[in-house]
Amino acid sequence: AANLSLLLQTFSFGDKRHLLLVQDVTDLQKADAMRRDFVANVSHEMRTPITVLMGFLETMQSIDLDKSQRDQYCELMMSQAQRMKSLVEDLLTLANLEANTLPAPMQAIKLEAVMALLKNDAEALSQGHHTFNFDLESPKNLMGDEREILSAFSNLVSNAVRYTPDVGSVSAKWSVNAEGQGDFSVTDTGPGIASEHLSRLTERFYRVDRSRSRDTGGTGLGLAIVKHIANRHQAQLIIESTPGIGSTFTLRFPKERIAS
Ligand code: ADP
């Protein structure tokens with residue numbers, strides 16, 4: 001094993017006995033490197049909006065702005081503050097999900113209500129430019145944690161809206177397949193994602209296009225949150241995408257979590 005890291009420790013006892021302890025610390029080192037990367041990423045993500053905010057504040061201190069300029073500055077500062085708020089909220093969500101190792105509870109979730117909420121939010125986010133198609137092909141309920149399910153589904157829908165140009169369309173569908181598994185899928189006619197990125201999309205702060213994601217208001221944590229929620233529900237996240245055509249994100253729930 002080329003990448004194996006061993007920790008060697010010797011212990012000597014008074015009666016001439018020695019103990020050599022050999023411990024494989026590869027995983028520990030990896031976890032430590034990931035934690036360091038994560039802290040560096042969070043610091044960077046927080047510092048950017050703080051720097052921008054301070055720049056605006058300094059300008060406001062040094063120049064007398066008229067009312068319309070001041071309004072414009074306030075709006076720009078509010079959007080930076082909003083970005084920090086979303087980041088902190090997503091970090092807390094992720095920390096809570098990671099701390100909870102139990103499977104999600106089995107509460108019946110009515111998908112009609114969830115779909116209606118998702119559609120409302122999507123329309124508000126798009127400000128009336130996209131075409132929406134939200135379908136309920138199965139009346140079966142999903143058993144899980146309603147708040148988490150809503151958060152996972154709305155992350156997928158908001159990504160579809162945010163990455164799809166104004167003229168595009170976004171569809172969301174709930175169906176139960178022949179094997180009895182429940183599929184929630186979101187399809188968009190956005191830019192699509194090249195195959196080399198697909199396996200990394202659920203990593204925290206992984207983005208295909210850094211600047212674009214920030215412009216669209218993303219924290220870089222959405223799909224990491226979706227993946228955790230999927231795991232807690234024994235669901236699979238399936239991503240299919242064709243560059244230039246669009247993407248489909250599906251959460252596939254086991255039949256044990258589907259009820260009439
Ligand atoms: P972000 O906050 O950056 O959107 P996510 O974790 O939700 O973070 O998504 C990770 C990355 O996956 C995004 O930065 C984007 O590059 C890509 N992505 C996610 N959803 C889509 C989509 N529907 N169409 C195209 N790219 C997407």
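Each reported figure results from applying straightforward, stated rules to the coordinates on display, with no laboratory input. No experiment lies behind these values; they were computed from the predicted model shown. All Cβ positions, even for glycine, are placed from backbone atoms using ideal geometry, and neighbour counts span all protein chains on display.
State all residues of segment 123-143 that are in contact with a strand residue (DSSP E or B) (Cβ under 6 Å, 6 or more places away or on another chain) and not hydroxyl-bearing (Ser, Thr, Tyr); if no residue qualifies, say none. Break it down stepwise before answering.
Here is the first cut: in segment 123-143, the residues in contact with a strand residue (DSSP E or B) (Cβ under 6 Å, 6 or more places away or on another chain) are 130-138, 140-143.
Across segment 123-143, the qualifying residues are 130, 132, 133, 134, 135, 136, 137, 140, 141, 142, 143.
Keeping to segment 132-157, report how many residues are farther than 20 Å from residue 232 by Cβ and either within 16 Å of the ligand (Cβ to nearest atom) or touching a helix residue (DSSP H, G or I) at 6+ places or on another chain (Cβ under 7 Å) (or both).
4
Could you tell me whether any residue of segment 140-161 is without any contact (Cβ under 8 Å) to a residue 60 or more places away in the chain, under 30 Å from residue 56 (Cα atoms) and surrounded by 18 or more Cβ atoms within 10 Å (Cβ to Cβ)?
Yes, because at least one residue in segment 140-161 is without any contact (Cβ under 8 Å) to a residue 60 or more places away in the chain, under 30 Å from residue 56 (Cα atoms) and surrounded by 18 or more Cβ atoms within 10 Å (Cβ to Cβ).
With respect to residue 122, determine if the residue is under 30 Å from residue 147 (Cβ atoms) and more than 21 Å from the chain's Cα centre (by Cα).
No; evaluated as a whole, the condition is false for this residue.
Condition first: surrounded by fewer than 12 Cβ atoms within 10 Å (Cβ to Cβ), without any contact (Cβ under 8 Å) to a residue 12 or more places away in the chain and on the phi > 0 side of the Ramachandran plot. Can you find one or more residues in segment 121-130 that meet it?
yes
Considering only segment 173-211, state which residues are touching a helix residue (DSSP H, G or I) at 6+ places or on another chain (Cβ under 7 Å) and within 12 Å of the ligand (Cβ to nearest atom).
Matches in segment 173-211: 186, 188, 190, 191, 201, 202, 203, 204, 205, 207, 208.
How about segment 169-202: which of its residues are among the polar types (S, T, N, Q) and either outside any loop (DSSP other than H, G, I, E, B) or touching a strand residue (DSSP E or B) at 6+ places or on another chain (Cβ under 8 Å) (or both)? I'd like the intermediate steps shown before the answer.
The first filter runs over segment 169-202 and keeps only residues among the polar types (S, T, N, Q), leaving 169, 171, 175, 177, 181, 185, 187, 189, 195, 199, 202.
169, 171, 175, 177, 181, 185, 187, 189, 195, 202 - these are the residues of segment 169-202 that are among the polar types (S, T, N, Q) and either outside any loop (DSSP other than H, G, I, E, B) or touching a strand residue (DSSP E or B) at 6+ places or on another chain (Cβ under 8 Å) (or both).
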